[in-house]
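**Q** Supplied in C-alpha cells, the structure appears directly below.
Read-outs: derived from the displayed coordinates by stated rules, not from any lab. Because the structure is predicted, anything quoted here is derived from the model rather than measured. Cβ coordinates were reconstructed from backbone atoms using ideal geometry, including for glycine residues, and neighbour counts include every protein chain displayed.
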Amino acid sequence: MEDAAPVIYGLEFQARALTPQTAETDAIRFLVGTQSLKYDNQIHIIDFDDENNIINKNVLIHQVGEIWHISASPADKGVLATCYNKTLDSKVMTCAAVWRMPKELESGSHESPDDSSSNTQTLELLCHLDNTAHGNMACVIWEPMGDGKKLISLADNHLLLWDLQESSSNAVLSNSALLEGKGQLKFTSGRWSPHHNCTQVATANDTAIRGWDTRSMRQIYYIENAHGQLVRDLDFNPNKQYYLASCGDDCKVKFWDTRNVTEPVKTLEEHSHWVWNVRYNHSHDQLVLSGSSDSRIILSNMVSISSEPFGHLVDDDELSDQEDHHQEKTKEPLQDSIIATYEEHEDSVYAVEWSSADPWLFASLSYDGRLVINRVPRALKYHILL
Amino acid sequence: CSPLPSLWLSPGEDVGCPGGSPAGPGRGRLGAAGREAAAYGLPDPAGEARGGLAPGEDFGGPTDINGAHFDPEVFLTKLRKECSLAQLMDCETDMVKQIRSLDSDMQTLVYENYNKFISATDTIRKMKNDFKKMEDEMDCLAANMAVITEFSARISSTLQDQHEQITKLSGVHTLLRKLQFLFELPARLTKCVELEAYGQAVRYYSKARSILHQYQHMPSFQGIQDDCQKIMANLAQKLREKFRDGGSGAKDLAECVELLLQLDEPAEELCDEFLSHARCRLEAELETLETELGQPGGAPITDILEFIDRGCNIFVSNMCLVIASYQELFVSREDKVQDITRMAQDKLVAFVNCLMETYFSLVERRIQLEKGVGDNSLLVRALDRFHRRLQALAKLLPASNVAAEGTEIVVRATKERIRQYLLALQNFYQDCLTDVRQSLAAPRLAGKESPNLAELLGNMSASVLNQIKSVLAYVHLFTAKDITFSNKPYFKGEFCSQGVREGLIVGFIKSICQTARQFCETTGDKGGSTPPTLLLLLSRLCLDYETSTISYILTLTDEQFLVQDHTPITPVTSLCAEARETAQRLLNHYVKVQGLIISQMLRKSVETRDWVNTIEPRNVRAVMKRVVEDTTSIDVQVGLLYEEGIRKAQSSDSSKRTFSVYSSSRQQSRYAPSYTPSAPLDTNLLSNIQKLFSERIDIFSPVEFNKVSVLTGIIKISLKTFLECVRLRTFGRYGLQQIQVDCYYLQLYLWRFVCDENLVHFLLDEIVGSTAHRCLDPVPMEQSVIEVICERG
C-alpha cells in the first residue's frame, strides 16, 4: 500500500494563518491568509480534489492588512473572521473583523488555476470587533457546534465574548474577563471546548494555561508553568471532555487532564524547536498533529490517552458472532508512537489543521507560503478502521 | 639259698654285654676280660697288645682277640705268618702277662660279689621282721575306725530333727527382721528426712515400696504404706522446694531430680518446673538486656559490641548452662524410657526457641539502632561474637533452629548495613553536589572570574571515589577470614555479587546517573534553579565515569570480593552506556538552558522595543554585547572541562572573508529583489533555492562532548529565537537598520565559537532577511556605515 504523495501549493506571500472551512463537511477546503506589508493581502480558498489529487484555488483580496489569524464560522460556510495588522500613523494595531466571502466561492468553484489570478474578488465586511479599548487581537474563536453567533476574541489581557446580531452585521460585546497580574500579561492563544455545552474556554498566556467558564467569565482552572517556555497553542480532545493538549517553546507537546493539572498526563518531546501548533483529529482523537519551527510536522498516535485505548471497539452484534476472536483483538493495548514525521517544509511551520471533511487528511502551512496537504498513512488508517 | 647262682651267672647282663648267649670260657676270655676292664674303668690289655702288635687290624674280625668272632686258629696262623720270632716271643710274654692280670681281676670281682650277696641276705631278713610288726598295727587301726564310724552314724541320726528346726527358725528370724524394718520404716524415714538424708530415705522407701504395694490389702500394711506415702510426699515436697530453690548447685539439683524421678514423680512436670524456673531467670536477664537498648527513639546506652558481649556472657552462656544441666538431668540418662527423653528434648527445644526468639528480637532491635555509617568493625565484631556464641549453643542443642536464625539475623543485619552504606554514599554525593553548588553560587571574588571548574570536578570526583573505597573497605570486613560467618554460603556468594557489587556499587553508580538526570527533568519546567555550570560539571563527571571510573570501581570491587556465584550481574558496558547517556542528556540540557538564557535576552530585546518608531542606529545594542560576553564566558567555562573539538575549514581571516561575502555579494543578491515591488515571487524563489542547498538545521539537537559542539548548540538556539521573534514584529526603516547592525556585530564575534561558521552566517542572513520582509520601509544601511558602527564598539 503506497501512500499518495503529498500535494504542495505555493503562495506568493509569507503566511501564518490557516483554517479548514469548518462548516463544510463534504469538500476538503482550507482557507489561508497571507502576510505582506507591501502588497494587498489575500485569502486563498484551497479546494482539494482527493480523487484526482489536484488543488483548486480562489483568491480573495483582504485589503485591510496582513492576516495573523483566521477562523471560519462553524455554521455558515461563507463567514470567516480574521485578525489583521493595521498600520496607522506609524502605529501597528492588530484588529479583528468578521467577513463574508462571495456566494459563488462558498462551495468552491472549479475554475482552472490559470485564470484564477484575473478574477480576484473582495471580501464583504460584516462587522468589526471593536478593540480600541482592549488592545491587540491575538485570535478570534467561534463557538464550536454553535449557530455561528458567538465569538470569543483575545485582546492583550482581555477575554471578550461577542454576540453577532442582525445577520452578523453587528457585533455586541456581551461579556469580558480581564487577566490581572504582575507585568504585561498577554494572551497568546485560546481554544473553545466543544464539551460542557460549549461553556468552557482555555487560554494561554506566557507559560500558563487557564480555563474559563463563559457564563460567569471566571477562571475555572489554572495550569501554572504548563510549559517551560511560552505556550503557543492548545486543543481540546473532541471525545474526552477533560483532555487538553498544549504545545510551546520548550519543544514539547503536553497532554493534560483538566481535573488534575499538577502533572501532565503525557509529554512528547520530539521536535527540535518551538512547537507552534497542536491539533487533535476530529474523529479519531488518538491522532495528534504538531507543527514546529524546526520545519517539521509530526503525526503521533496517542492511543493510551485516547477515547479508544484498545483500538476500534467492535459492535455487540459482531462480538456475539465471533466473540473469542474479537476479544483477543481488543484486549491488547496499543502503544503510543510517532506515526510519521513530515518534512516537506523548508521554513518554520506556523499552522497545521485537519480537514473538516476528511478525517484522514490535513494541511500545513510554513512561513515561506508553502501549503502541504498530507494524508494519514493508509496502513494506520486501516488499522484504526478495521 | 637259691638266688645266688642267678646272681653269679648274670655278670654279662649287669655290664650290658650284647648277645645273650654266653661265650665259651675258652673262646671269650680275653674278650670278657676286656669288657670287664672297660666296665670297671681298667685299661684294656688287649687293646694295648693289639696296638703294639697289629695296628690297623680289623675289629670284630676273626683276628680281633676282643671281638665276638675271634678265631684262635686264624689268629695264630696269622701271627705265625706275619710275625717274626722275636715278635712272637714278645707277643707270647705279653699275652701271658695279660692273662695273669685278668685272672687276678677275676678273683677280686668274685670276692666282692660274694660280700654283697651276704649283706643283701641280711637286709632281707631284717625287713621280714619289720613287716610282721606293721601288719599287727594295721589290724588295730581298722578296728578303731569301725568303732568311730559307728559312733558317728549314731550321732547324726540323733541330730537330724533339730537341724530342720533351726533352719526354719532362722527363716522366721529374717522375716521378722524384714517386718520390723517395715514397721520401723515410717520412723526411719522421718528421721532420714529430719537429717536431710534424702537419698537414704528414698533408698529405704524404694526397697519397701513393692512389698507395701503387694500387701496393701492388709490393714497394718495399709497403715504403714499410708504413713510412708505421707512421709514420702512430704519428702517429695521438700525435694521440690529444694529443686525450685535452684540455688543449691548443679550437683544437688541433679540429685534432687534423680530422687524425684525415683519417687515416680512425673518427668514432664519436672521438666516444666525446671524450665519455668530457668525461664524466670533468663527472662530477667533479657529484661536487663532490654534496658540497655535505651529509651525508644533515644540513643542506646552501650555500644553494640558491649551489648552483644553482655548478651553473650549473661544470657547465652546461662542458656547454655541451662541446656547442659537439663540435658544431663532429663535427656542423656541411660535408664530413661525413650519417649520421656523425646518429650524432654521437645520441651527443651521449644523453650530454647521461645527464649532465643525474644533474644533475637532484642538483638535485632539493637542492630537496627546501629545507624552510624563510619567504622564498621565494631558491628562486624559484634555480629561475629553473636554468631560464634550461637554456634556453641547450637552444638549443645542441634535440634533447635537457633544457628540458622542467628545466621539469618547476621545476613539481615548485613543487608541492612549495605543499604545504609548505599544511602550514606548517596547522601555523601548529595552533599558534594550541595558543596559544589555553594561554591558555584558563592560571590565571585574580584580578580577571579569564576571558580575553577576543573578543580571542583577533580575534588568532587576524588572525594566520591575515596568514599566508595572506604565503604568497600568497611564492607570487606564482613568477609574477613577470622569472622565465623564469612564462610556461610550467603557471604561467599550473594553478599559479594548481589549485595556489594549490585546493591552497593552498581546501585550507587546508577543513583549518580539518576540524580544527575533529575536535574534535566525538573529544571526549565518548574523554574528549577540548577545552575547551568553544575549541569556542565555533572556531565563531565558522568563522562569520566563512562571512560574510566566505572570500570575502575568495578574492577576494584571484583578483586576485593571474589564473586563465586553465577547470578546475573550488571555488565560494565551497560553501566557505562547509562553514564554516557546521562552525560549526553546533561550536556544537552546545559546547552538548552544556556541557549534559553541567551534566547530570553534576545527575545525580550525584540519584543519590548517599538521597532517602527525607533531612531537611527548609532550603536550596537547593549544586549548584543551582552550576548557576546555571555557566550565568551560560556566558552571559557566549557573549555575548562571539555576539549576543543573540530571545526570545519577555518582560516584566520575568516571574519573578513565572510564579511565581504555577507555584505556585498550574497546579501545584496538576496535582498535586492525583495525591495523591488515588481517581483514578489522572486524573493521566495531565491530564498527557497538558497535553502535547497543548505542543510536543514536541527536547533535543539544532541551535541557532542566537545566545546565547539556545545557552543554551536547554544548559538543555534539563540539565533533561531532571534529569528522567530523578529518574524513576529513589524519594523520601520531604522528598526531594520538596527537589526542589520546587531547582526553584523554578532557575525563579527560569534563565528569563532562554532564548528561551522556558515551556520552562523546562514541564521544571521535569515534574520536580516526576515526583518526586511517585516519592514514597512525597507531601506538597508550602507555596509560601510555598519562596519564603522560595529568597530566603534
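**Q** In Å, the Kirkwood hydrodynamic radius of chain A over pairs of distinct alpha carbons?
**A** Roughly 21.4 Å, rounded to one decimal.
**Q** What ranking do B:586-595, A:260-269 get when scored by the average of other Cβ atoms within 10 Å per residue, highest first?
**A** B:586-595, A:260-269
**Q** Order these peptides, B:749-761, B:105-117, by their mean beta-carbon neighbour count within 10 angstrom, highest first.
**A** Most protected by this proxy first, the peptides run B:749-761, B:105-117.
**Q** If amide hydrogens are placed 1.01 Å from N in the peptide plane, which non-local residues have theirs closer than 5 Å to the one on residue A:266?
**A** When sequence neighbours closer than 5 places are left aside, the close amide H contacts are A:255.
**Q** Place the peptides A:340-352, B:274-286 in order of packing, highest mean first, counting for every residue the other Cβ atoms within 10 Å and averaging per peptide.
**A** A:340-352, B:274-286
**Q** Relative to the present Cα-Cα distance, how much length would full extension add between residue B:510 and residue B:148 at 0.36 nm per residue of separation?
**A** Net length gain for the segment: 117.8 nm.
**Q** Moving to a separate point now. If R0 is 51 Å, what FRET efficiency do you get for residue A:51 and residue A:133 from their C-beta distance, rounded to 0.05?
**A** FRET efficiency, residue A:51 to residue A:133: 0.55.
**Q** Something else: For chain A, set up a GNM with springs between Cα atoms under 10 Å and report which of A:292, A:189, A:168 has the largest fluctuation.
**A** A:168
**Q** For a footprinting-style exposure proxy, rank B:291, A:258, A:82 by other Cβ within 10 Å, fewest first.
**A** B:291, A:258, A:82
**Q** Let me ask something else. By counting other Cβ atoms within 10 Å of each Cβ, how are B:192, A:198, A:139 ranked from fewest to most?
**A** A:198, B:192, A:139
**Q** So what's the projected area for the stretch A:17-165, the Cα convex hull averaged over all directions, in nm²?
**A** Orientation-averaged projected area of the Cα hull: 9.3 nm².
**Q** Would you order A:364, A:90 from fewest to most other beta-carbon atoms within 10 Å of each residue's own beta-carbon?
**A** Ranking A:364, A:90 by Cβ neighbours within 10 Å, fewest first, gives A:90, A:364.
**Q** On a 18 Å Cα-Cα criterion, which of the cross-link pairs A:186/A:252; A:240/A:266; A:254/B:716; A:77/A:150; B:168/B:207; A:252/B:592 come out too long?
**A** As for pairs spanning more than 18 Å Cα to Cα, those are A:186/A:252; A:254/B:716; B:168/B:207.
**Q** Quick one: Kirkwood hydrodynamic radius for the stretch B:168-245, alpha-carbon pairs, angstrom, one decimal?
**A** Evaluated on the stretch B:168-245, it is 13.1 Å.
**Q** Using amide H atoms built 1.01 Å from N in the peptide plane, name the residues 5+ places from residue A:188, or on other chains, whose amide H lies under 5 Å from its own.
**A** When sequence neighbours closer than 5 places are left aside, the close amide H contacts are A:204, A:205, A:206.
**Q** Per residue of A:361-368, what is the mean number of Cβ atoms on other protein chains within 10 angstrom of that residue's Cβ? Don't skip to the answer; put the middle values down first.
**A** Numbers: counts 0, 0, 0, 0, 0, 0, 5, 5.
Neighbouring Cβ atoms belonging to other protein chains average 1 per residue here.
**Q** Turning to a different aspect of this structure: Which trypsin sites (Lys or Arg not before Pro) from the stretch B:369-433 combine a DSSP loop assignment with at most 15 other Cβ atoms within 10 Å?
**A** Filter output for the stretch B:369-433: B:371.
**Q** Taking every residue in B:763-770, how many Cβ atoms of other protein chains lie within 10 Å of its Cβ, on average?
**A** The per-residue average across the peptide is 1.
**Q** Over chain A, what is the mean sequence separation of C-alpha contacts under 8 Å (at least six apart), divided by residue count, expressed as relative contact order in percent? Working shown, then result.
**A** On the way: 1036 pairs, mean separation 51.4, N = 386.
Answer for chain A is 13 percent.
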